[in-house]
1. Can you find, within region 20-63, the residue that is most open to solvent (accessible area, probe 1.4 Å) among those that are among the basic types (Lys, Arg) and farther than 20 Å from residue 80 by Cβ?
2. Looking at (1) on the phi > 0 side of the Ramachandran plot; (2) in contact with a helix residue (DSSP H, G or I) (Cβ under 9 Å, 6 or more places away or on another chain), which is the one condition that is false for residue 13?
3. Name the pairs whose Cβ atoms lie under 6 Å apart, with the first residue in region 18-36 and in contact (Cβ under 8 Å) with a residue 40 or more places away in the chain, the second open to solvent by 50 Å² or more (accessible area, probe 1.4 Å), and 6 or more positions between them or separate chains?
4. Can you pull out every residue in region 109-128 that is among the hydrophobic types (A, V, I, L, M, F, W, C), at pLDDT 95 or above and out of contact with any Leu (no Cβ under 7 Å at 6 or more places or on another chain)?
5. So which pairs qualify, if the first residue must be in region 65-79 and part of a helix (DSSP H, G or I), the second must be of a type in the set (Phe, Trp, Tyr) and open to solvent by 20 Å² or more (accessible area, probe 1.4 Å), the Cβ gap must be under 7 Å, and the two must be at least 6 apart or on different chains?
6. Hey, among 54, 104, 89, which residue is within 21 Å of residue 123 (Cα to Cα), part of a loop (DSSP other than H, G, I, E, B) and either acidic (Asp, Glu) or in contact with a Gly (Cβ under 6 Å, 6 or more places away or on another chain) (or both)?
7. List the residue pairs whose Cβ atoms are under 8 Å apart, where the first residue sits in region 1-14 and is surrounded by 10 or more Cβ atoms within 10 Å (Cβ to Cβ), the second is part of a loop (DSSP other than H, G, I, E, B) and of a type in the set (A, V, I, L, M), and the two are 6 or more positions apart or on different chains.
8. For the subset of region 89-117 comprising residues that are open to solvent by 50 Å² or more (accessible area, probe 1.4 Å) and aliphatic (A, V, I, L, M), which member is farthest from residue 60 (Cα to Cα)?
Amino acid sequence: ERWGFKVVNIRSGHEAVFASRQMKPHVISKYGIHIDHFEDVAIPAIEEGIKSNSIIVIDEIGNMELISDKFRKLVLKALDTKRVLATISLKTKSEFVSKIKSRSDVKVHYLTRINFGRIEKEIKEELF
């Protein structure tokens with residue numbers, strides 16, 4: 001059974017648990033969220049991706065992450081680079097996510113076990 005979530009900078013290895021059943025500052029579903037733990041890892045990682053002209057991978061843009069105003073602002077800035085690969089849960093219903101999905105420079109893929117290989121190939125061709 002899942003007990004929490006962590007955020008990881010895959011380039012530096014810096015990571016932090018930002019949501020767990022034991023945390024209580026902000027609560028979504030059954031998880032308490034420490035948004036400062038999330039921002040301490042996610043914000044510098046995205047900023048570095050923007051500065052270094054790298055592909056920026058964000059897994060995920062979800063309800064927990066969207067508590068952070070800094071994260072939302074930086075996601076929009078990152079999307080403007082045209083080098084973002086991000087996941088958005090189908091369960092995430094927000095005006096912010098709707099705006100992302102409706103951007104003319106955003107392509108949305110709905111992954112299933114059946115189409116995963118085809119979508120993976122398409123994304124690799126687009127990004128590399």
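The values are calculated or read from the model by the stated rules, or taken from the named source; none is laboratory data. Fair warning: this is a prediction, and the values are worked out from it, not measured in the lab. Here the Cβ is made from the backbone with ideal geometry for all residues, glycine too, and neighbour counts use every protein chain on show. Just the protein is used for accessible areas: all its heavy atoms, side chains included, with ligands, DNA and RNA removed. Shrake-Rupley method; radii C 1.70, N 1.55, O 1.52, S 1.80 Å.
1. The selected residue is 24.
2. (2)
3. 18/34; 18/37; 19/5; 26/67
4. Answer for region 109-128, where residues must be among the hydrophobic types (A, V, I, L, M, F, W, C), at pLDDT 95 or above and out of contact with any Leu (no Cβ under 7 Å at 6 or more places or on another chain): 114, 116.
5. Note: pairs meeting the criteria are 66/96; 72/96.
6. 89
7. Listed pairs, sorted by first residue: 4/23; 5/64.
8. Taking the candidates together, the pick is 114.
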